[in-house]
Amino acid sequence: MKGNEYSELYDSYENVVLPRRHWWQIDLKALWRYRDLIMLFVKRSFVTQYKQTVLGPLWAIIQPILTTLVFTVVFGNIAGLAPSGVPKFAFYFCGYILWSYFAACLTATSNTFISNAHIMGKAYFPRLCAPVSTAISQLISFAIQFVLFMGIWIYYYAAYGSVSVTSYIFMVPLLILQTALLSMGVGIIVSSLTTKYRDLTHLVSFGVQLWMYASPVAYDTSKFERFGFLFKYNPVTPIINIFRLAFLGVGEFQPVQYGISVAVTVIVFVIGVILFNRVEKNFTDTV
């Protein structure tokens, strides 16, 4: 076909589908256009999580309660790693529900390409819809756990007056958003790499466990001041500390440490989205 004939044929079409020119070009507006699909993914993810279980969504309450009881007995009473002046159960429950949201988002997002390969290979939609829907669906479980935590907080406040709300409570929405972005960023990076290196799928759960013990979930950071360098560069540490400071009045807010946490979150999320955007075009050839 000659050049003029091709140009006339090209101009005759109303819509022309062309490949994306650059891997750094990200169409975030498409996420809003496909918001209905995201909500369908959220519903599918939440229903699948508790499908064929006797207690259903009650596991979102039972699991953190049992884990908090173990933390209270082992780390609080036996090891003495909880701070004084605050109920141990409230201290551990407060930190664990936020960590649980982070870990659940990271684990689920890290499996995005593999778990959705049958859908992504048949129909077009913005691939970022999958990790975004994962973060939203896990947020439902977090909301259930947070309501339970508020009930625990009211009990300790009314019965003993041992907890108090501070002005840092206004940072809670920002902390939750940062938790979602950080978990999505790390999970997207892992998901992009697992298209070629499947071994990473077996290391995710192990890595998340190690990360938990490197974060102040089971202990108070003041008990390990000699490992301050580890907490300083762990982006999860200030998130949990400020979350506890907001509702329990224990801990401290360090602007420099939190600034590092925000910077790491932004960098990880941007790298993850760019890498995800680059891998999605050819993932069907490797998955």
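With R₀ set to 22 Å, the beta-carbon distance separating Ser167 from Glu225 gives a calculated FRET efficiency near 0.30. Residues Met212, Met150 in ascending order of nearby Cβ atoms (within 10 Å, fewest first): Met150, Met212.
Run the count for the stretch 28-285, please: Lys pairs, Cα-Cα under 15 angstrom, 8 or more apart or on different chains.
Lysine pairs satisfying the spacing and distance rule in the stretch 28-285 number 5.
Here the peptides 140-147, 62-69, 90-97, 252-259 are ranked by packing, the mean other Cβ count within 10 Å, and the order with the highest first is 90-97, 140-147, 62-69, 252-259. Using 7 Å Cα-to-Cβ label points, what is the Leu40/Ile267 separation (nm, one decimal)? Going from the Leu40 label point to the Ile267 one covers 3.9 nm.
At 0.692 mPa s and 37 °C, plugging the Kirkwood radius over alpha-carbon pairs of the stretch 28-285 into Stokes-Einstein gives what diffusion coefficient in µm²/s? This corresponds to a translational diffusion coefficient of 170 µm²/s.
Quick note: the coordinates plus some simple rules give every number you see, no bench work behind them. On a predicted model such as this, the values are computed, not experimentally measured, just so you know. With ideal geometry, Cβ positions are generated from the backbone for all residues, glycine too; neighbour counts draw on all protein chains shown.
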